[in-house]
Amino acid sequence: MIRLENVTRVYGQGAGAVTALKDVNLEVAPGSITGVIGVSGAGKSTLIRCVNLLERPTRGRVFVADQELTALNKEALRKARHGIGMIFQHFNLLESRTVRGNIGLPLELIGTPRRDIDQRIDELLELTGLAERANAYPAALSGGQKQRVAIARALASNPKALLCDEATSALDPQTTSAILTLLRDINQRLGLTILLITHEMEVVRTICDQVALISGGALVETAPVGDFFTRPATEEGRLFLNDFLQLAPSNALLQRLSDGGAGNGVPVVRLTFRGQSLSSELMTHLEQRFGLRLHILQARVENIQGRTLGLMIAEFDGDRDIIDDAMAHLHTLDVQTEVLGHVQRHD
Amino acid sequence: MSSAMIDRILDAVIDTFYLVICSGVIGIVLGIMMGVALYVTRENRIMALPALNRVISLIVNVGRSVPFIILMLALAPFTRWLVGSYIGTTAALVPLSIAAIPFVARLVEGALNEVPHGLIEAAESMGATPWQIITRVLLPEARGGLITAATITIIALIGYSAMAGAIGAGGLGAVAYNYGYSRYNPMVMLVTVLIMVVMVQGVQMLGDFLVHRSRHR
Ligand SMILES: Nc1ncnc2c1ncn2[C@@H]1O[C@H](COP(=O)(O)OP(=O)(O)O)[C@@H](O)[C@H]1O
Ligand SMILES: [Mg+2]
């Protein structure tokens, strides 16, 4: 539905030129939700603005609904934009218009008859749960309500695709979750294709089917969300994931690790379980079969798009042979292990 | 004061209203067009034409830097060509309107600059034409600033019209000059000054009221 081919965007010229996007290729399947994630300054906004050509790529081609936007003249591009909705971090509602007036704006631009506009506004008020606030001005609305109005407005002309530029970044966690639920709902009910950008893994985890990681203007990894959260293919992906899961060693543990016990200490291991939970059976198995004593220090289990991701940091107390055997066994079960360091034995 | 003088002052009030309202309407309408042109033709704007922008900007600056009294004298030939005379109430409309245009244009440009850029982007993302962006987004969103601009302009025109009156345009300025000053009638001077103060005050209050009503916050 949306396809970027070798899209590059350079700002400025000569020595001061900034390459905000480098040879980006991205495909968003019809009816799916794709999230582009990256740190601030990675090029996310530039990327999403290149999709409806608010920003013109320096090189490369952009397709939406099998139409090459980069080949269109101004008039044809305006027509094509009627089929692409967009919502923004700061909502961008007209303060001079009521909720109804804002929602009807795109249809006024197309020249839809007034009666049809009013009917469509009623449908959208219903869909976004705004019926009660129909005649309020934006200044009287909460952030969540404003974003609902923006969503209703973006849907007014029945677009095939919706672009979301950090749509929940100005909202508190509860409101974020409600807006994400609404987007998911719209995606499923209307079959709307959604491309969103965000710096929050939580957003990707909650509603996306596909994720693309952007770093320094380049897409470094594109994967189904379930795969990305269980086995990121790149170092950048792993960093993002660890940051999100926050299963970094606690400060107290780091202190103990730096105090060492290098030669004769007990290894501290971070285990990553994919697609299976940290079952107590497995723990028992390790203790009984290998005689390994496990001290669990930190653990976390996440459910991502129906797949389980478990993380655990534990001391592996036992002889070196035992530890090696236990690790080998874990690897056969597809549990990833990483020795973080050693600490003094407890007793 | 004689009743003849009172009639004279009432006539002068009507002349002043005529001058201010007519030149105000012409100046504000053309000034808004020029202000919009200044805004949209600037670099990176919706109808970016930087060369044209510099020309308009120069015209506006020249227009604003000439003191009104000089402008009026300088325009006398043009005024005569346009309305057949350079003396009289209708003739004074020409320099008043022309003085108002660049004044309004800058104020309007300032009001449009206050409209958040995100709104223009949102409209562009909906496929709005530049004309639709001007009429459906920029002007309505800048309404408060535009009313303020109109208020300031009308008040400035009340002052200019009095200046014009002193040299043949009629109105309160003429009465103050001919009777209050030349024939030294302090009562007439006081009354004309009071009437002007009330007019300015009234325009300001009306403007404030309209701005307040246009704000939905
Ligand atoms: N209009 C612009 N002019 C010059 N540089 C820009 C412009 N917009 C963005 N950039 C630069 O491009 C890079 C990517 O910016 P952006 O797409 O806004 O990142 P993100 O949305 O991920 O924070 C940054 O280095 C930024 O400074
Ligand atoms: Mg951004």
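The values are calculated or read from the model by the stated rules, or taken from the named source; none is laboratory data. Note that the structure is a prediction, hence the values are computed from the model and not measured. Here Cβ is always computed from backbone atoms with ideal geometry, including for glycine, and neighbour counts include all displayed protein chains. For accessibility, only protein heavy atoms count, side chains too; no ligands or nucleic acids. Shrake-Rupley method; radii C 1.70, N 1.55, O 1.52, S 1.80 Å.
In segment A:161-182, the residues that are more than 17 Å from A:V204 (Cβ to Cβ) form Cβ pairs under 7 Å with partners that are within 16 Å of ligand 1 (Cβ to nearest atom) and polar (S, T, N, Q), at six or more places apart or across chains, as follows: A:A170/A:Q89.
Condition check: open to solvent by 10 Å² or more (accessible area, probe 1.4 Å), at pLDDT below 95 and within 14 Å of chain B (Cβ to nearest Cβ). Does A:G41 satisfy that?
Details: open to solvent by 10 Å² or more (accessible area, probe 1.4 Å): yes; at pLDDT below 95: yes; within 14 Å of chain B (Cβ to nearest Cβ): no.
Judged against the criteria, A:G41 is not a match.
Against the conditions (1) within 11 Å of another protein chain (Cβ to nearest Cβ); (2) crowded, with 23+ Cβ neighbours inside 10 Å; (3) more than 22 Å from the chain's Cα centre (by Cα), A:E95 satisfies every one except (2).
Screening A:R345 with (1) in contact with a Ser or Thr (Cβ under 8 Å, 6 or more places away or on another chain); (2) part of a loop (DSSP other than H, G, I, E, B) gives one miss only, at (1).
Does any residue of segment A:45-62 turn out to be more than 16 Å from ligand 1 (Cβ to nearest atom), farther than 21 Å from A:S215 by Cα and either outside the structural domain of A:D185 (by TED's automatic domain parsing) or open to solvent by less than 10 Å² (accessible area, probe 1.4 Å) (or both)? Spell out the reasoning first.
Of all residues in segment A:45-62, those more than 16 Å from ligand 1 (Cβ to nearest atom) come to A:61.
Now drop any that are not farther than 21 Å from A:S215 by Cα, which leaves none.
Scanning segment A:45-62 turns up no residue that is more than 16 Å from ligand 1 (Cβ to nearest atom), farther than 21 Å from A:S215 by Cα and either outside the structural domain of A:D185 (by TED's automatic domain parsing) or open to solvent by less than 10 Å² (accessible area, probe 1.4 Å) (or both).
Every test in (1) open to solvent by 50 Å² or more (accessible area, probe 1.4 Å); (2) in contact (Cβ under 8 Å) with a residue 12 or more places away in the chain; (3) over 30 Å from B:E124 (Cβ atoms) is passed by B:M47 save one, and that test is (3). Of all residues in segment B:198-217, those that are within 14 Å of chain A (Cβ to nearest Cβ), open to solvent by 70 Å² or more (accessible area, probe 1.4 Å) and assigned to a helix (DSSP H, G or I) total 2.
Quick check on segment A:81-93. Is at least one of its residues within 13 Å of ligand 1 (Cβ to nearest atom) and touching a helix residue (DSSP H, G or I) at 6+ places or on another chain (Cβ under 8 Å)?
Checking segment A:81-93: at least one residue is within 13 Å of ligand 1 (Cβ to nearest atom) and touching a helix residue (DSSP H, G or I) at 6+ places or on another chain (Cβ under 8 Å).
Across segment A:36-59, not a single residue is classified as more than 14 Å from ligand 2 (Cβ to nearest atom), in contact with a Gly (Cβ under 8 Å, 6 or more places away or on another chain) and aliphatic (A, V, I, L, M). Here is the figure for segment B:117-144: residues that are assigned to a helix (DSSP H, G or I) and either open to solvent by less than 30 Å² (accessible area, probe 1.4 Å) or closer than 17 Å to A:L163 by Cα (or both) total 13. As for segment A:73-84, it holds at least one residue that is closer than 18 Å to A:D165 by Cα, within 14 Å of chain B (Cβ to nearest Cβ), over 25 Å from the mean Cα position of the chain (by Cα) and at pLDDT 95 or above. Selection of segment A:1-18 for residues being away from chain B (no Cβ under 14 Å), out of contact with any helix residue (DSSP H, G or I) (no Cβ under 7 Å at 6 or more places or on another chain) and within 16 Å of ligand 2 (Cβ to nearest atom) yields only A:V18. Every condition in (1) within 16 Å of ligand 1 (Cβ to nearest atom); (2) at pLDDT 95 or above is met by A:I33 except one, and the failing one is (1).
Output yes when any residue across segment B:88-104 is modelled with pLDDT of 95 or more and either in contact with a strand residue (DSSP E or B) (Cβ under 6 Å, 6 or more places away or on another chain) or under 30 Å from A:A167 (Cβ atoms) (or both), and no when none is. Checked against the condition, which is being modelled with pLDDT of 95 or more and either in contact with a strand residue (DSSP E or B) (Cβ under 6 Å, 6 or more places away or on another chain) or under 30 Å from A:A167 (Cβ atoms) (or both), segment B:88-104 yields no hits at all. Cβ-Cβ distances below 6 Å connect the following pairs, each with a first residue in segment B:120-145 that is more than 7 Å from every other protein chain (Cβ to nearest Cβ), a second residue that is polar (S, T, N, Q), and a separation of six or more residues or different chains: B:G144/B:S214. Residue by residue through segment A:285-324, note down the ones that are of a type in the set (D, E, K, R), surrounded by 15 or more Cβ atoms within 10 Å (Cβ to Cβ) and under 25 Å from A:C208 (Cα atoms). Matches in segment A:285-324: A:E302, A:R307.
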